[in-house]
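Nothing in this text is a laboratory measurement; each read-out follows from the coordinates by a stated rule. Because the structure is a prediction, the values reported are computed rather than measured. Counting neighbours? That spans all protein chains shown, and the Cβs are built from the backbone with ideal geometry, glycine included.
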Amino acid sequence: MAAPQKILVIKLSALGDFVQAMGAAAAIRAFHGSAAITLLTTAPYLELARRAPYFDEVWVDERPRWYEPGAILRLRRRLRAGGFDRVYDLQTRLRSGLYFRLMRDGDRPEWSGIAAGASHPHRNPARNRMHTLDRQDEQLRLAGIPGPVPLPDLSWAATDIARFALPPGYVLLIPGGAAHRLKKRWPAERYAGLAARIAAAGLTPVVIGGGGEGPLGRIIAAAAPAVRDLTGATGFGDIVALGRGARRAIGNDTGPMHLAVAGGAPATVLYSAASDPRLTAPRGADVAILQRPDLAELDIDAVAATLGLS
């Protein structure tokens, strides 16, 4: 087969996984040069993906349910009409395996992933015990893309954050996370104590989070008048820019921490037994991982020490 000219990359969710796939996306773009590359993703990441320098087009996957045959047929028509020469499945889940089956029998594109029948399979039985970035690196090598895959660099996503009028010495605090996984969160009261310690050192604590995390921001802001509470006020690009300007970002194992690190932030990431940093931790030039089985066991001194505060 001639060199692929039309490429499809599949990466649907979640935020941290999407960010970590951007290193692989950069490697795919570098390897395929002027090929037309389309990304299939989900609606929350559409605008971020459109700003990425790796894709010529971005499609939104509406994630049809099995009981929605009309929607599945529409997706099948779109995938087949794309005329793709090769697909890089970076989602590698049951859903993206289904999309392999939706391609035309006997005329499927080359496929890098784990779907049965893929032309470039990633069959390593230990793949689910590999860090996400190492797994993607190996998958792409097996598809002919020489490594190493670069670390995700989302500097291109940074927005203008002048509207926040932040001082140069600020520390970014990211106390939230998935509402259904509360065991991944360091207690808000500990963040409040850390914010007071940061303010006492002459630095400005800046708290960010989704709109539903306003109560966390208020708890932390009550601990020190110097706290800037930006919960509900930042988009993905703002988080990248805030990470780039921060003295350090400190937060739980959550998507915005991946954005901050990919923006260049020195970072301290807090892990409980609910997730494994060996598999998912963001990687960067200065990333400290602190883990306790229960994050309630993590004291403020240990976190403050990563900022050089006693």
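Where the convex hull is taken over the Cα atoms of the chain, what is its projected area averaged over directions, in nm²?
Result: a mean projected hull area of 16.5 nm².
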Can you tell me the 0 to 90 degree angle between the C-alpha axis of helix 132-142 and the longest principal axis of the chain, rounded to 10? 20 degrees
Within segment 132-156, what residues put their amide N at less than 14 Å from the label point 7 Å along the Cα-to-Cβ vector of Arg283? 132-141, 147-153
Helix 188-200 versus the longest principal axis of the chain: what angle, 0 to 90°, nearest 10, using Cα atoms? 60 degrees
Can you compute the FRET efficiency between Leu94 and Arg65 using 1/(1 + (r/R0)^6), with r the Cβ-Cβ distance and R0 = 22 Å? Round to the nearest 0.05. 0.95
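Please report, in debye to the nearest 20, how large the charge dipole of the chain is about its Cα centre when each Lys and Arg carries +1 at its beta carbon and each Asp and Glu carries -1 there.
680 debye
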Under the rule that an exposed site lies in a DSSP loop and has at most 10 other Cβ atoms within 10 Å, name the longest stretch of the chain with no trypsin sites (Lys or Arg not before Pro) of that kind, not counting the sites themselves. 124-310
Take every Cα pair under 8 Å in the chain that's 6+ residues apart, average their separations, divide by the length, and report that relative contact order as a whole percent. 16 percent
Using only the alpha-carbon atoms, how far is helix 236-245 inclined from the longest principal axis of the chain? Give it as 0 to 90 degrees, nearest 10. 50 degrees
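So if we plug the beta-carbon distance of Arg74 and Ser34 into 1/(1 + (r/R0)^6) with R0 = 22 Å, what FRET efficiency do we get, rounded to 0.05? Before the final figure, lay out each step's value.
Values: r = 30 Å, r/R0 = 1.35.
Given R0 = 22 Å and the Cβ-Cβ separation, E is 0.15.
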Run through all the Cα pairs of segment 185-307 and give the fraction in each 5 Å bin from 0, expressed as whole percent. 2, 12, 22, 25, 25, 12, 2, 0
Short version: what are the Cα gyration tensor semi-axes of segment 22-152, square root of 5 times each eigenvalue, largest first, in whole Å? 23, 18, 15
Evaluate the Kirkwood expression for the hydrodynamic radius of segment 136-213, namely the inverse of the mean inverse distance over all pairs of different C-alpha atoms, and round to one decimal in Å. 16.2 Å
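At 0.36 nm per residue, minus the direct Cα-Cα distance, what do His131 and Asp294 gain on full extension? Give it in nm, one decimal, please.
Gain on stretching His131 to Asp294: 56.5 nm.
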When the chain is fully extended, how far beyond the present Cα-Cα distance does Ser119 get from Asp17, taking 0.36 nm per residue of separation? 34.3 nm
Distance (nanometres) between label positions extended 7 Å along Cα→Cβ at Arg247 and Asp276: 3.6 nm
